[in-house]
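Report on one structure; see the data block that follows.
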Amino acid sequence: MKIIIAKNAGYCFGVRDAVNLAHDVAQKEGEVYMLGDIVHNERVVEDLDKSGAKVVNNLDEVPQDATVLFRAHGTKNDIWDAARERNMKVVDATCPLVHQIHKDVKNLYSEGRKIIVIGDHGHDEVVAIADQVPKTIVISSVEEAINQKRIRKAGIVSQSTQSIENVQEIIKILMTKVFDLRFVNTICFPTKRNQNQIKDLAKMVDTMIIIGSFTSANSKRLTSLAKLINKNTYQVTCADELDEKWFKESDSVGISAGASTPDYLIEEVSNRISSL
């Protein structure tokens with residue numbers, strides 16, 4: 001059986017840097033406390049826990065004089081303010097591209113524009129982006145865009161891991177709703193690259209496997225994109241979830257992975273498929 005792994009499957013640079021930062025601080029200080037999961041992957045969080053990087057749900061759970069690490073997806077302003085008021089030691093693991101989206105939102109708002117974020121409701125990154133300015137609107141689907149009231153002047157950004165197709169469809173509708181519209185394309189380059197690779201790979205193989213947590217928006221999005229092209233597409237979090245019957249009539253298998261998936265999980269899945 002031929003196995004093809006997408007060239008850039010797995011960790012993006014923002015996630016890799018954040019995870020390495022958590023490991024480094026834990027090694028240096030003995031422990032560090034992560035406010036929420038640093039990335040959306042259970043195995044990564046488990047590995048970090050073993051190295052001394054512990055997950056907490058709020059700042060009250062962080063011991064006095066300990067270091068707190070803010071997640072790769074970005075953090076709301078009130079949490080930053082609370083950490084400063086308490087003089088807490090903060091390590092910021094926010095992806096630089098997410099920080100740039102925050103700046104873009106503030107710049108658009110300074111022009112007197114209503115801010116619209118195209119993204120998944122409740123997602124950590126979207127929550128932090130929306131918190132940068134007052135009364136931000138979040139739109140996740142074409143249906144929500146259709147129901148949006150008319151706006152005189154708006155600035156639009158997107159969650160960094162949104163699919164290009166979803167953003168394009170929503171923008172088409174918002175162009176009929178907003179008189180003065182300015183759109184900043186904030187889909188990050190790794191996301192665009194990985195989505196394009198998925199589209200090509202899914203055409204070439206009999207079966208597609210996407211590796212990633214089901215809490216990971218970008219992993220689920222890669223799976224949806226692959227399924228549009230190849231109906232024999234399956235998402236797994238690890239090698240143990242592979243089903244032998246998926247490959248019975250397959251001569252070729254394509255593998256890709258979400259931006260929060262470490263290299264060792266990709267290798268484990270590839271090795272398990274090779275052994276079938």
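The values are calculated or read from the model by the stated rules, or taken from the named source; none is laboratory data. Predicted model only: the values in this text are computed from it and were never measured. Methodologically, a virtual Cβ is constructed for each residue, glycine included, from the backbone with ideal geometry; neighbour enumeration extends over all protein chains shown. These area figures cover heavy atoms from the full protein model, side chains too; ligands, DNA and RNA do not enter into them. Shrake-Rupley method; radii C 1.70, N 1.55, O 1.52, S 1.80 Å.
General remarks:
- Restricted to the range 187-207, and to residues there that are within 20 Å of Ser252 (Cβ to Cβ) and touching a Leu at 6+ places or on another chain (Cβ under 7 Å), the residue that is modelled with the lowest pLDDT is Asn194.
- In the range 162-183, the residues that are without any contact (Cβ under 8 Å) to a residue 60 or more places away in the chain and closer than 17 Å to Val117 by Cβ reach residues that are part of a helix (DSSP H, G or I) and open to solvent by 80 Å² or more (accessible area, probe 1.4 Å) with C-beta atoms within less than 6 angstrom, at least six apart or across chains, in these pairs: Ile173/Ile146.
- For first residues located in the range 131-153 and under 12 Å from Arg113 (Cα atoms), partners that are basic (Lys, Arg) and loosely packed, with under 15 Cβ neighbours inside 10 Å and lie 6+ apart or on another chain with Cβ distances below 8 Å form the pairs Val133/Lys106.
- Filter result (aromatic (Phe, Trp, Tyr) and either open to solvent by less than 30 Å² (accessible area, probe 1.4 Å) or modelled with pLDDT under 95 (or both)) within the range 210-252: Phe214, Phe247
- Candidates Lys227, Lys203, filtered to the one that is touching a Ser or Thr at 6+ places or on another chain (Cβ under 6 Å) and over 26 Å from Asp17 (Cβ atoms): Lys227
- In the range 104-159, residue most open to solvent (accessible area, probe 1.4 Å) [restricted to those that are more than 18 Å from the chain's Cα centre (by Cα), of a type in the set (Val, Ile, Thr) and under 21 Å from Lys192 (Cβ atoms)]: Val142
- Subset of the range 225-243 [more than 17 Å from Ser274 (Cα to Cα), of a type in the set (Val, Ile, Thr) and not in a helix (DSSP H, G or I)]: Thr233, Thr237
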